[in-house]
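Here the structure comes first, spelled out in structure tokens, and everything after it is commentary.
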Amino acid sequence: MSAVFDDLVAGPPATLVFDLTSIPQRQRWLPLLPFTLCFADPAYDRELGSPTLSSRTYIGNEAHVLAVDRADYDLGATIYFAFWKGDGTPPDGYWKLNVKVSPADGSARRDLGIAGTRSAINKYKVLGACAYPIPIQNLRELRDQSTSLSESPARLSPGDRLQVRVASDAGEIELDVGIVDRPVMPPPAASYGLAILRNADAVATALFSTAPPPQVVDFPDLFGDLKAGHVRRRGLFFWRFASLNPPLQSKPFAYLVKIDRTGGGQVPDSRADFEGSASL
């Protein structure tokens, strides 16, 4: 139903990427078998969580809540928000979203638009009890004396404040978030390496990285966490590599090594610790 009645795409975006190998027809090529290492780190996931920022307003003798997933954002981050009645159900009426910026230099507050939505103006129909993303890189300035979007990205600087506001005929809820110069998503405080078996008794390092960013950040229950006051996140790592001598499926092949900042971690003790590969 959200695709019919709202202008924003609900929830964290779902992205599927399929890497297809191109085999050249008129030149030699190596028969390399591609692999993808997929892993997550629960210790890192705990660092990714953040307390929410919320605003509570009474409209028609009922509490209404607007919440975002954190209080501050860098220029590459995404604001996730939702609003609901005090009992967690969708508010009554017809609601629209509006975003404004209050510059740190004290100049006048101005309206912004959001690119990539179903609306050509700077007000967006949204549904209650549903989480939405606002990528800060998608914010746009408005044309002069107009409510339509220009091609210019929003002129934002650290220290600016963004106002997120949802309103209906009955009332409105709003809150402000900050723009900061430091990344709000920390890198993992660890080094990871992929050890692979070669022949019967040799081990090699196929991949290695210190404090790598995750390829995907997922939310176990975004709307439920916004209501609870703490948003959980899950960093997912997808590392690709190739092997000239791949093992048979289900045979011992690879082990993920981790060393954290204290020097502790996980290393294989025997050949039995290595996992086999699987085809999808």
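The values are calculated or read from the model by the stated rules, or taken from the named source; none is laboratory data. Note that the coordinates shown come from a computational prediction; the quantities given were computed from them, not determined experimentally. We place every Cβ from the backbone using ideal geometry, glycine too, and count neighbours over all the protein chains shown.
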**Asked** So which residues in region 55-110 are among the aliphatic types (A, V, I, L, M) and farther than 25 Å from Pro12 by Cβ, if there are any at all?
**Response** Ile59, Ala63, Ala104, Ala108
**Asked** Quick one: would you say Asp201 is among the acidic types (Asp, Glu) and over 28 Å from Ile136 (Cβ atoms)?
**Response** yes
**Request:** Take the residues in region 217-240 that are among the charged types (D, E, K, R) and modelled with pLDDT of 95 or more, then tell me which one is farthest from the chain's Cα centre (by Cα).
**Result:** Lys227
**Request:** Would you tally the residues in region 88-127 being within 22 Å of the chain's Cα centre (by Cα) and of a type in the set (Ser, Thr, Tyr)?
**Result:** 2
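Of all residues being more than 14 Å from Val164 (Cα to Cα) and either of a type in the set (Ser, Thr, Tyr) or outside the structural domain of Trp95 (by TED's automatic domain parsing) (or both) in region 108-140, which is surrounded by the most Cβ atoms within 10 Å (Cβ to Cβ)? Just the residue, please. I'd like the intermediate steps shown before the answer.
Of region 108-140, the ones more than 14 Å from Val164 (Cα to Cα) are 108, 115-121, 127-130, 137-138, 140.
Checking which are either of a type in the set (Ser, Thr, Tyr) or outside the structural domain of Trp95 (by TED's automatic domain parsing) (or both) leaves us with 117, 119.
Working: Thr117: 20, Ser119: 18.
If we take residues in region 108-140 being more than 14 Å from Val164 (Cα to Cα) and either of a type in the set (Ser, Thr, Tyr) or outside the structural domain of Trp95 (by TED's automatic domain parsing) (or both), then Thr117 is surrounded by the most Cβ atoms within 10 Å (Cβ to Cβ).
Kindly indicate which of Ser148, Ser157 is touching a Pro at 6+ places or on another chain (Cβ under 8 Å), touching a residue at least 24 places away in the same chain (Cβ under 8 Å), surrounded by fewer than 16 Cβ atoms within 10 Å (Cβ to Cβ) and not aromatic (Phe, Trp, Tyr).
Unique residue meeting the criteria: Ser157.
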**Message:** Just the residues that are more than 20 Å from Thr205 (Cβ to Cβ) and touching a helix residue (DSSP H, G or I) at 6+ places or on another chain (Cβ under 8 Å), please, taken from region 226-280.
**Reply:** Val231, Arg232, Arg233, Arg234, Gly235
**Asked** How about region 23-71: which of its residues are buried (at least 17 other Cβ atoms within 10 Å of the Cβ), within 16 Å of His230 (Cβ to Cβ) and of a type outside the set (A, V, I, L, M, F, W, C)?
**Response** Asp45, Ser50, Thr52, Ser54, Asp69, Arg70
**Request:** Any residue in region 258-280 that's free of Cβ contacts under 8 Å to residues at least 40 places away in the same chain: show its pairings with residues that are among the charged types (D, E, K, R) at Cβ separation under 7 Å, as long as the two are six or more apart or on different chains.
**Result:** Gln266/Lys258; Gly276/Lys251
**Asked** Within region 1-114, which strands (runs of 3 or more DSSP E) (wholly inside it) include 1 or more residues that are of a type in the set (Phe, Trp, Tyr)?
**Response** 33-40, 53-59, 78-85, 95-102
**Request:** Evaluate region 36-48: report whether one residue or more is farther than 30 Å from Ala170 by Cβ and without any contact (Cβ under 8 Å) to a residue 12 or more places away in the chain.
**Result:** yes
**Request:** Given the conditions (1) surrounded by 14 or more Cβ atoms within 10 Å (Cβ to Cβ); (2) closer than 30 Å to Thr89 by Cα, report the number of the one that Asp169 does not fulfil.
**Result:** (1)
